[in-house]
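*Asks:* Here's a structure for you.
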Amino acid sequence: MNFRDTEQEAAFRKEVRAFLEKEMPGGFGKASGPAAKQDDAVRRGVDRFGVSKEWTKKLAAKGWTAPAWPKEYGGAGMTVMEQFIFNEEMATARAPRTGGIGTGFAGPTVITYGTDEQKSELLPGIVSGEDIWCQGFSEPESGSDLASLKTSAVRDGDDYVINGQKIWTTGAQFAKRMILLARTDPDAPKHKGISYFLLDMKSPGVDVRPLVNMAGTQGFSEVFFEDVRVPAKDLLGEENRGWYVATTTLDFERSSIGTSIAQQNQLEDLIVYVKDRSDGSLNPTVKLELAERSIEAETARLLSYRVITLQNRGQVPNHEASAVKLYASELNQRVATTALKCVGLYGQLDRNSEEPESAAHRYAPSRGRFMRSYLNAVSSTIAGGTSEINRGVMATRGLGLPRG
């Protein structure tokens, strides 16, 4: 692993930093308090899934909403390493994230499997930031065992008729389109009877019901389909081959560099908070725990570097990506637990910037950010592949152990 940028990569890193310093919108980046401005921006719902049209337009003008996409599709045609550098610098600067599932998963899959008509219809809206996408994979009884999904798609003339339910669908209440897996052959083996659709969320029969999580936010939804008609032209790839298209979707953006940098940023904020409220001396136990979390966050970053190194060599990370995901998600919970231990009973307080002045409003540490991070961290070891599933991948594909 070479930690040094090439001359070209160093020049690009410098360009990204200069752009962020000049163009990043107010309310983001490092603040005078522990991520105070950014935290308030998130609490106000400052474009949770794209931040601002103005910011997105600035990125799009440079091809940076989808940096690794080919230039003919509105991207910048970056190398794997340039894409990684861009993601790393964006995360380090705490810049607002754009694109989400559209640029990260849906767009690259359409580029790989889509027809010319699908590409010309769908990709411009993703690159411009106008079209938000969501992912219709998980179901109430099909999470880790995704191939057991039951949502059905029956061919009827020029359409497919969809019936079923999806859950834990991030951003569904805002989305224009969904990448949707549905069963088109109920008699085939479960991996071989699934098809991949590009669903218009405004189609009659689509019912989106936002879910409130433990932290009191509506980050995801459950989605119901009742006789929803999807034109056959919106089938991506071949009928009954959707599982293999979906595995391509899940292969994109696997380094998780943004996660490890975010953990380092959270620890930096916590350390600032603890120092500001100490009398110059810190409890040795607190110092030790903060040191351990900081070392672990650096380890997570190095695991991300391992994945991107493999990708840069033209290899496809497999168990290595599972190791990153497993380590980062469990570390996320440890960091959140350490934060609440450091702030004590005040960590139970939240602050909603729209509420009138109150005791909670005045005393909630970091505007309640540590408390919300703790509540949000509960799902870290479930979402995106459970810890058990990732350990199984590492055992069988990494260590060569037999399947249980």
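*Asks:* Which lysines does LYS190 reach when only Cα atoms under 22 Å apart count, and residues fewer than 8 places away in its own chain are ignored?
*Replies:* Within the straight-line limit of under 22 Å, LYS190 reaches these lysines: LYS150, LYS166.
*Asks:* May I pose another question? Determine the relative contact order of segment 139-282: mean sequence separation of Cα pairs under 8 Å and six or more apart, normalised by residue count, in whole percent.
*Replies:* Answer for segment 139-282 is 23 percent.
*Asks:* Sum up the charges of everything whose Cβ sits under 13 Å from the Cβ of GLY164, counting Lys and Arg as +1 and Asp and Glu as -1, but leave GLY164 out.
*Replies:* Here the charged neighbours net out to -3.
*Asks:* If exposed chymotrypsin sites (Phe, Trp or Tyr not before Pro) are those in a DSSP loop with at most 16 other Cβ within 10 Å, what is the longest stretch of the chain that has none?
*Replies:* 4-251
*Asks:* How much space per residue, in cubic angstrom, does the convex hull of the C-alpha atoms of segment 254-398 take up?
*Replies:* It is 122 Å³ per residue.
*Asks:* While we're looking at this one, here's another question. How big is the Cα convex hull of segment 180-339 in projection, averaged over all directions, in nm²?
*Replies:* 13.7
*Asks:* I'd like the orientation of helix 257-276 relative to the chain: the angle between its Cα long axis and the longest Cα principal axis, in ° from 0 to 90, rounded to 10.
*Replies:* Tilt relative to the chain: about 20 degrees.
*Asks:* May I ask you to give the average projected area over all directions of the convex hull of the Cα atoms of the chain, in nm² rounded to one decimal?
*Replies:* That works out to 21.8 nm², a quarter of the Cα hull's surface.
*Asks:* Now for a separate question. Excluding LEU122 itself, what net charge comes from residues whose Cβ is under 12 Å from its Cβ, given Lys and Arg +1 and Asp and Glu -1?
*Replies:* Result for the local shell: -3.
*Asks:* Just grab the label-to-label distance for ASP227 and GLU15, each label 7 Å out from Cα along the Cβ direction, in nm (one decimal).
*Replies:* For the pair ASP227/GLU15, the computed spacing is 5.4 nm.
*Asks:* What percent does the relative contact order of segment 49-145 come to when contacts are Cα pairs within less than 8 Å and at least six residues apart?
*Replies:* Once divided by the residue count of segment 49-145, the mean separation gives 31 percent.
*Asks:* Let me ask something else. Let me see the P(r) profile for segment 133-250: every Cα-Cα distance counted, bins of 5 Å, each bin given as a percent of all pairs.
*Replies:* 2, 13, 24, 26, 20, 10, 4, 2, 0, 0
*Asks:* Which longest uninterrupted range of the chain lacks any GluC sites (Glu not before Pro) assigned by DSSP to a loop state (not H, G, I, E or B) and surrounded by at most 11 other Cβ atoms within 10 Å?
*Replies:* 142-353
*Asks:* If you average the sequence gap of Cα pairs under 8 Å that are 6 or more apart and divide by the length of the chain, what percent do you get for the contact order?
*Replies:* Rounded, it is 13 percent for the chain.
*Asks:* What list do you get for ARG94, ARG372 if you sort them by fewest beta carbons within 10 Å?
*Replies:* By the 10 Å Cβ count, ascending: ARG94, ARG372.
*Asks:* Using Cα atoms only, what is the angle between the long axis of helix 7-23 and the major principal axis of the chain, expressed in degrees (0 to 90) to the nearest 10?
*Replies:* For helix 7-23, the angle is close to 80 degrees.
*Asks:* To continue, here is another question. When you have a sec, figure out the Kirkwood radius of segment 55-164 from all distinct Cα pair distances and drop it here in Å to one decimal?
*Replies:* One over the average 1/r among Cα pairs gives 15.8 Å for segment 55-164.
*Asks:* Explain nothing, just compute: Karplus ³J(HN,Hα) = 6.51 cos²θ - 1.76 cosθ + 1.60, θ = phi - 60°, for every residue of segment 133-140 in order, whole Hz, x for Gly and Pro.
*Replies:* Per-residue couplings from phi come out as 10, 10, 10, x, 10, 5, 10, x Hz.
*Asks:* To continue, here is another question. Across segment 118-201, how large is the tail of the calculated P(r) beyond 22 Å, expressed as a percent of all Cα pairs?
*Replies:* In whole percent, the long-distance tail amounts to 30.
Every number here is computed from the coordinates shown, using simple stated rules; none is lab data. Predicted model only: the values in this text are computed from it and were never measured. Note: ideal-geometry Cβ built from the backbone for every residue, glycine included; neighbour counts use all protein chains shown.
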